[in-house]
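See structure below.
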Amino acid sequence: MRFFKNSIYSAGFWLMCLSSFLFFISFNMLLPELPDYLTRLGGADYKGFIIALFTLTAGISRPFSGKLADTVGRIPVMVFGSLVCFLCGFFYPWVTTVAGFLLLRLLHGFSTGFKPTGTAAFIADIIPLQRRGEAMGLLGVAGSLGMAAGPVVGSLITNQFSLETMFYCSSGAALLSLAVQGTMTETLPQAQRERFSWRLLRLEWSEVLEPQVRAPAIVTLLCLFPFGIVLTVIPDQSQLLGIANKGLFFTFFTTASLLVRLVAGRASDTYGRVPILRVSAALLAFSMILLIVGNSATIFLAAAVIFGLAAGLNSPTLYAWTIDLSHEQRRGRAVATMYIALEAGIGLGALLSGWLYGNIASHLPYVHALGAIATLAALAYLMWGVRAEERVRATA
């Protein structure tokens, strides 16, 4: 294949893809089983917090991970994220109260607050601009494989063995991701590196959000809002439709995402970031509409496929657009800003959908309508808002 013959894809790149696969399979194994687990603990009314608390700490930690990635290094930031994922997976079986479970979800969020920030900055360091979208697409393929395998593997392990075994397997996958990172070479220039000190955790407001990447951040927030909805209500909706494996929707979604990522990144390199994002936003809106009107497993899984196609177009393009607009010495902060928007979108989607759903099946169409509204707003911004901002910058 051309990808393997081309010298820009070094061993470090492929090792990073492997590490991302292991990281994503680790915490995605948990997703289909956590709502039932929380219900058994007596926390059925708190399902919206499963994702919301996770994304809260992920979002809060992004400015710190972005600054540390630009000062201490990309690899230490990734190592910390994988270490948190390993420890939290290990401790889930020991949680016996709703409060303890929610606290662990809060802590688990630090994993995605750190690992993907370091990963994106690392890849941006080693891949040239003209191949950046393609590289992010390939990295996304690795993540999508983990996301596709995780829910199904997690449910299979739980059904064949036990929930506790699944938690320990999740922890083991994170440990393997951590081990792979130990074989990599730091890419942050030596002149930028500092030894870690607590003063690096003091942030100025300018270090929290990177203004250069405002446009991709807005689109990220609106397009990831439906993902928070899906993570929160789809396991219950699967059961209502008689689908035994609660991870099946996620498998269809991530498999479709995986297939389109093989070409999506390259397409954004060729046709531009914004045109590809317009297509993805339109597909996201359509998938939400299908979930509103669909009352059969066939339509439900068709929505999963379309949702996956949209996500496969969306994710690598947003990564590449963010890095395109960022300053080289503030690349970690730029990526962190995009991730703050991502966590805010997912967290708000999860929190609002959990509140609106309230374990009442007839409320599900209203929940998905929220997702449709958010994606149509993203499409409108990409059609007119981005153009307006470009005209303002051109005349400034």
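Across the stretch 288-302, the qualifying residues are those that are buried (at least 18 other Cβ atoms within 10 Å of the Cβ) and free of Cβ contacts under 8 Å to residues at least 40 places away in the same chain, and the one among them that is nearest to the chain's Cα centre (by Cα) is L290. Kindly indicate whether I157 is in a helix (DSSP H, G or I), within 21 Å of I75 (Cα to Cα) and not hydroxyl-bearing (S, T, Y). Criteria not met by I157. Looking at A394, A377, A372, just one residue is more than 27 Å from S111 (Cβ to Cβ) and at pLDDT below 80, and that residue is A394. For the stretch 246-263, the set of residues classified as open to solvent by less than 10 Å² (accessible area, probe 1.4 Å) and farther than 19 Å from S20 by Cα consists of G247, F249, listed by residue number. Do we find that V260 is β-branched (V, I, T) and over 19 Å from the mean Cα position of the chain (by Cα) in this structure? Here the answer is no, as V260 does not meet what is asked.
Being part of a loop (DSSP other than H, G, I, E, B), farther than 30 Å from V77 by Cα, open to solvent by less than 50 Å² (accessible area, probe 1.4 Å) and aliphatic (A, V, I, L, M): is that true of I243 here?
yes
Residue-wise test of (1) open to solvent by 60 Å² or more (accessible area, probe 1.4 Å); (2) in contact with a Pro (Cβ under 7 Å, 6 or more places away or on another chain); (3) closer than 30 Å to E204 by Cβ.
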site: S20; (1), (2), (3): no, no, no
site: E33; (1), (2), (3): no, no, no
site: I60; (1), (2), (3): yes, no, yes
site: M78; (1), (2), (3): no, no, yes
site: G89; (1), (2), (3): no, no, no
site: P93; (1), (2), (3): no, no, no
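Looking across the stretch 153-174 at every residue that is open to solvent by 60 Å² or more (accessible area, probe 1.4 Å) and under 24 Å from the mean Cα position of the chain (by Cα), the one that is nearest to G89 (Cα to Cα) is identified as Y168. Of the set (1) part of a helix (DSSP H, G or I); (2) more than 29 Å from I157 (Cβ to Cβ), all apply to A311 but (2). Exactly one of (1) touching an Asp or Glu at 6+ places or on another chain (Cβ under 9 Å); (2) free of Cβ contacts under 8 Å to residues at least 40 places away in the same chain is unmet by L129. Its number? It is condition (2) that L129 fails. Residue count for the stretch 97-125, restricted to those that are closer than 19 Å to L325 by Cβ, of a type in the set (A, V, I, L, M) and open to solvent by 20 Å² or more (accessible area, probe 1.4 Å): 0.
Could you list all residues from the stretch 320-377 that are among the β-branched types (V, I, T) and crowded, with 19+ Cβ neighbours inside 10 Å?
Taking the stretch 320-377 and keeping what is among the β-branched types (V, I, T), we get 322-323, 335, 337, 340, 346, 360, 367, 373, 375.
Answer for the stretch 320-377, where residues must be among the β-branched types (V, I, T) and crowded, with 19+ Cβ neighbours inside 10 Å: T322, I323, V335, T337, I340, I346, V367, T375.
The values are calculated or read from the model by the stated rules, or taken from the named source; none is laboratory data. Just so it is clear, the structure is predicted and the values come from calculations on it, not from any experiment. So basically every Cβ, Gly included, is an ideal-geometry build from the backbone, and we count neighbours across all protein chains shown. With ligands, DNA and RNA removed, areas are computed over all heavy atoms of the protein, side chains included. Shrake-Rupley method; radii C 1.70, N 1.55, O 1.52, S 1.80 Å.
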